[in-house]
Each structure stands twice: as C-alpha cells, then as structure tokens.
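> So that we are looking at the same thing, I have put the structure below in structure tokens.
The values are calculated or read from the model by the stated rules, or taken from the named source; none is laboratory data. Just so it is clear, the structure is predicted and the values come from calculations on it, not from any experiment. When we count neighbours, we look across all protein chains shown, and the Cβ atoms used for this are built from the backbone with ideal geometry, even at glycine.
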Amino acid sequence: MWRVGANRAPDLWRVPFDPKHPATTPSTLNSDSAGVRQALAEAVQGMADLDVPLDAPLSAAQQTTVGGPAVPVPGCTGAEGCYNVVGRADPLGADGRFAPVTFGSSFVMATELTAAGPRTSTLLTYSESADPTSPHHNDQTVLFSRKQWVAERYSEDQIRRSPQLRTAVVAGR
C-alpha cells in the first residue's frame, strides 16, 4: 500500500508526528481517510491483478540476483519510512516481482560499548568480491537476506580465536 500511494494522503495518521515522542509517532493508520482507503483499494487491486496473495511476504517480490540465484532483500524506500532503504529502477512487474534491488545499504555497522570492550556487528550487503568464483562473491548478501551479521573482533584474544586467522611472518632487509 505504501508504494501505491498512501503517502499522498495528508491525513495518513490519526496521531501525527510528535518530536517529543519520535519513536512512537506518527501512529494509528487513519482508516477513516478517503485517501488512505483509496490507496489500500489500489494496492489490493494491483496485487490481485498480478495474482500476488495479499499475505505474500516482501521477500517473494523483492530480491537481488547479483552473484548467483535470486536472494531476498529486506528493506523499503525512504518514502515508506524504512531505516534500511533499498531501491530498484523499475516498479512491480507483471509477474508480481519488483525489478532486482540495485541500490541501498552497503556497509552496515552496529556497535555497543560495554565494560568488556566494544561489541560490533558489521555487514557488506553487496559482499566483498567482484570475482563470481570467489566464496565471498555473495556470502554477505545471503547473510543480509537472512538478517544475520558478521561479529567483529577487537581484543587480542578474540582475534587469536578467529577460525579464519592466518598469520605470516614477513622479513625485510
């Protein structure tokens, strides 16, 4: 519904944005609004026209194909109020799918500062390698699809315990 045009309804919410309560406002969809009802009707009709079930998950329609088979991608457009903004060049197609996601989040990081040191999770949504034969060509894209993260290591002990750790002694002149 958001992509069809609910944002064009000036009275979309019963409770408008309140800067004193930014995490909980706006809220309560204004189902009495003719604009909201029209946007909902258009969204339902559009999905019916494409034979897309109303309860179909977004992952059934929003994917990327970079690096192999289609991978569902979470997120939405900025107009829809998403923190994780993604986009594509084309609207919903006749097959009930959006064109592949072509832009959005790239490097994502969340850090918690604790008494034991930082605890950080990161993700390169487009993965690390441009080489399609590399195991890192779409590995983090798949993690992104599953809403999983890569745990970062800060302490010497964390680094030493890394299963991927490889060391090399380099001697110079």
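> When the residues of the stretch 95-145 are filtered to those that are in contact (Cβ under 8 Å) with a residue 60 or more places away in the chain and among the small types (G, A, S), which remaining residue is farthest from V52 (Cα to Cα)? Quick ask: steps written out before the conclusion?
Looking only at the stretch 95-145, we keep the residues that are in contact (Cβ under 8 Å) with a residue 60 or more places away in the chain, and these are 126-127, 132, 137-138, 141-142, 144-145.
Those left that are additionally among the small types (G, A, S): 127, 145.
Working: S127: 30, S145: 21 Å.
Ranking the qualifying residues of the stretch 95-145, first place goes to S127.
> Working carefully through the options V52, V86, V108, V101, find the one that is among the β-branched types (V, I, T), assigned to a loop (DSSP other than H, G, I, E, B) and under 16 Å from Y126 (Cβ atoms). Please lay out each step first, then the result.
On the way: V52 fails: under 16 Å from Y126 (Cβ atoms); V86 fails: assigned to a loop (DSSP other than H, G, I, E, B); V108 fails: assigned to a loop (DSSP other than H, G, I, E, B).
Of the residues listed, the single one that is among the β-branched types (V, I, T), assigned to a loop (DSSP other than H, G, I, E, B) and under 16 Å from Y126 (Cβ atoms) is V101.
> Is there a residue being farther than 29 Å from M47 by Cα, assigned to a loop (DSSP other than H, G, I, E, B), more than 12 Å from the chain's Cα centre (by Cα) and at pLDDT below 85 anywhere in the stretch 147-170? Spell out how you get there, then give the answer.
Residues of the stretch 147-170 that are farther than 29 Å from M47 by Cα, as a first pass: 148-170.
From what's left, assigned to a loop (DSSP other than H, G, I, E, B): 148-149, 152-155, 161-170.
This time we only want the ones that are more than 12 Å from the chain's Cα centre (by Cα), so: 149, 152-155, 161-170.
The next check asks that each one be at pLDDT below 85; those that pass are none.
No, every residue in the stretch 147-170 fails to be farther than 29 Å from M47 by Cα, assigned to a loop (DSSP other than H, G, I, E, B), more than 12 Å from the chain's Cα centre (by Cα) and at pLDDT below 85.
> Further question on the same structure: Considering only residues of the stretch 57-80 that are in contact (Cβ under 8 Å) with a residue 40 or more places away in the chain and assigned to a loop (DSSP other than H, G, I, E, B), which is farthest from F107 (Cα to Cα)?
At the first step, the residues of the stretch 57-80 found to be in contact (Cβ under 8 Å) with a residue 40 or more places away in the chain are 59, 64, 66-68, 71-74, 76-77, 79-80.
Now restrict to residues that are assigned to a loop (DSSP other than H, G, I, E, B): 66-68, 73-74, 77.
On the way: V66: 16, G67: 17, G68: 20, V73: 14, P74: 14, T77: 17 Å.
The qualifying residue farthest from F107 (Cα to Cα) is G68.
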